[in-house]
Amino acid sequence: MDGTLSPENNPKQRHGCVTAWLIYMIIANALSGLIYIIAGDKVKEAMQVDLTGINIVSMALLSFANVVFAVMLLKWQKLGFWGFVITSIAGVFVNLSIGLGVSQSIIGLIGIGILYAILQIPKEKVSAWSELE
């Protein structure tokens, strides 16, 4: 042995807060997608906006895509982060199309910053972000 660390000897690690956040994202997005599908009419009433069937399906699909992207991040795939960026931007357009204001629609983009910041939390001086492939 030459003393260098191999991936087998030094497996990737992430801070528990990062793991907890990703699990939270999986649960929250799965529930959100189900709510859009099961109770889309109730969501329309509660939001008091022009929420069409296409909008409901779009929001459900974006939520389920976010579940996939969170799982990708748990599996150390940086593509999962970029998937969140795309779904967040798509969410802005859906929100604008249903009549939400620009400021309300753009608030959804804050989630990208929160996710990026959480991925920066280090464990043993190494952030989860730097470990993503």
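The values are calculated or read from the model by the stated rules, or taken from the named source; none is laboratory data. Being a predicted model, the structure only gives us computed values, none of them experimental. All Cβ positions, glycine included, derive from the backbone under ideal geometry; neighbour counts span all protein chains shown.
So which residues in the stretch 92-133 are touching a Cys at 6+ places or on another chain (Cβ under 8 Å) and either under 30 Å from Glu45 (Cα atoms) or not in a helix (DSSP H, G or I) (or both)?
Ile121, the sole residue that qualifies.
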Seminar exercise, completed: The residue from Leu51, Leu61 that alone is at pLDDT below 95, closer than 17 Å to Val92 by Cα and not β-branched (Val, Ile, Thr) is Leu51
Problem set entry | Test: residue in the stretch 74-82 that is of a type outside the set (Val, Ile, Thr) and under 22 Å from Leu100 (Cβ atoms) | no
Problem set entry | Residues of the stretch 92-116 classified as surrounded by fewer than 17 Cβ atoms within 10 Å (Cβ to Cβ), under 16 Å from the mean Cα position of the chain (by Cα), modelled with pLDDT under 95 and of a type outside the set (A, V, I, L, M, F, W, C), total | 1
For this session: At least 2 residues that are surrounded by 13 or more Cβ atoms within 10 Å (Cβ to Cβ) and among the aromatic types (Phe, Trp, Tyr) in each: list the helices (runs of 4 or more DSSP H) lying fully within the stretch 2-91 that qualify.
Result: 16-38, 53-74
